[in-house]
Every structure is written in structure tokens, then in C-alpha cells.
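The next block holds one structure in the form of C-alpha cells; read it before the comments.
The values are calculated or read from the model by the stated rules, or taken from the named source; none is laboratory data. For clarity, every value in this text was computed on a predicted model and none was experimentally measured. Neighbour counts run over all protein chains shown; Cβ positions are idealised from the backbone, glycine included. These accessible areas exclude ligands, DNA and RNA; they are computed on the full protein's heavy atoms, side chains included. Shrake-Rupley method; radii C 1.70, N 1.55, O 1.52, S 1.80 Å.
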Amino acid sequence: MGVFYTNFTVLKSHIDQLNHVNNVIYVQWIQDIANQHWNELKKGHDTSHYTWVVIKHEIDYLKQAVLGDQIEAKTWVGKTGGIKSIRYVEFYKNNILLVKAVTTFCLLNAFSFKPTRITNDIYDMLTSK
């Protein structure tokens, strides 16, 4: 399984009263990188019948990021089967791990919004690149 990378710059709107990136921002960034990666993986495939929802986040906040920091984020897909897929995300500043997360996503039918089994095609998309 491939690793997907992106970068974030810490803006003033990301900073909380403790003068570091607010925890809620990391949750948004987790969602953002997951969406970017999914959009990359699904290129050339019709996935209009499916959508993903988060059912669980586990986040470890290890170090702080402050205004102006350049953050490298990486994500990859873990165990996938049934209706669930695990995604890992890590955030780094100057090669130092700041935050790591494990998120469980559930695949839904995009029309009924009911959980749906991950097809072989979806599995192959998630695990081949």
C-alpha cells in the first residue's frame, strides 16, 4: 500500500488560546488528507454509488505546531474489510512526529446512506497504490 503526502502551513486561524494548533484543526486536516488520498485513488473509477463516513478517531497529540510552521502530513490505508477501512495519518514538523491518528471509516451507499460491503474493486483501489 502506498503512502500519500501533502503539506499544510499553520495559519493564524489554526492557533488557539495556547498559541499552538488547535486540536480541532488536526481533525480537519485528517479529513482533508483522507479526501485528497481517496480522490487520487479513485481516479478512473466510478465511485458515485459510494461515500465514506468516519465512525472513530484515535489521535495522539505528541508535540506542538505554531504559527507559520510547515507541516508534512502522510496517510496510508490499513486493514480493510466488511464495511470498514482503517486509515493512518501522521503529521511532522522538521521530521519530528507531532500527531498520529488512526481513523475508522465506514463505506456507505451514496443514495440510501446505509453501510455497504467493500467490493473487490474498492478494496483493490485502497490497497494497490
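Kindly check whether there is at least one residue in the range 68-75 that is closer than 30 Å to Phe111 by Cβ and modelled with pLDDT of 95 or more. Looking through the range 68-75, at least one residue is closer than 30 Å to Phe111 by Cβ and modelled with pLDDT of 95 or more. Evaluating Thr6 against the criteria (1) touching a helix residue (DSSP H, G or I) at 6+ places or on another chain (Cβ under 9 Å); (2) assigned to a helix (DSSP H, G or I) leaves one unmet condition, (2). Exactly one residue out of His37, His20 is of a type outside the set (Gly, Ala, Ser), within 20 Å of Gly78 (Cα to Cα) and either free of Cβ contacts under 8 Å to residues at least 60 places away in the same chain or open to solvent by 80 Å² or more (accessible area, probe 1.4 Å) (or both): that is His37. Considering each residue of the range 12-35 in turn, at least one proves to be assigned to a strand (DSSP E or B) and either aromatic (Phe, Trp, Tyr) or under 18 Å from Lys93 (Cα atoms) (or both).
Given the structure, is Ile96 open to solvent by 50 Å² or more (accessible area, probe 1.4 Å) and either closer than 19 Å to Gly2 by Cβ or touching a Lys or Arg at 6+ places or on another chain (Cβ under 9 Å) (or both)? Answer is yes for this residue. Report the residue count in the range 99-123 for those that are within 11 Å of Gly81 (Cα to Cα), open to solvent by 80 Å² or more (accessible area, probe 1.4 Å) and either under 16 Å from the mean Cα position of the chain (by Cα) or not hydroxyl-bearing (Ser, Thr, Tyr) (or both). So the count comes out to 2. Of all residues being part of a loop (DSSP other than H, G, I, E, B), in contact (Cβ under 8 Å) with a residue 60 or more places away in the chain and not β-branched (Val, Ile, Thr) in the range 44-80, which is surrounded by the fewest Cβ atoms within 10 Å (Cβ to Cβ)? Just the residue, please. Step by step, filter the range 44-80, then rank; the result is Ser48. Here is a list: Ile15, Ile25, Ile33. Which entry is over 13 Å from the mean Cα position of the chain (by Cα) and not polar (S, T, N, Q)? None of the others qualify; the one that does is Ile15. Each residue in the range 81-105 was checked for being in contact with an Asp or Glu (Cβ under 8 Å, 6 or more places away or on another chain), in contact (Cβ under 8 Å) with a residue 40 or more places away in the chain and hydroxyl-bearing (Ser, Thr, Tyr), and 1 pass.
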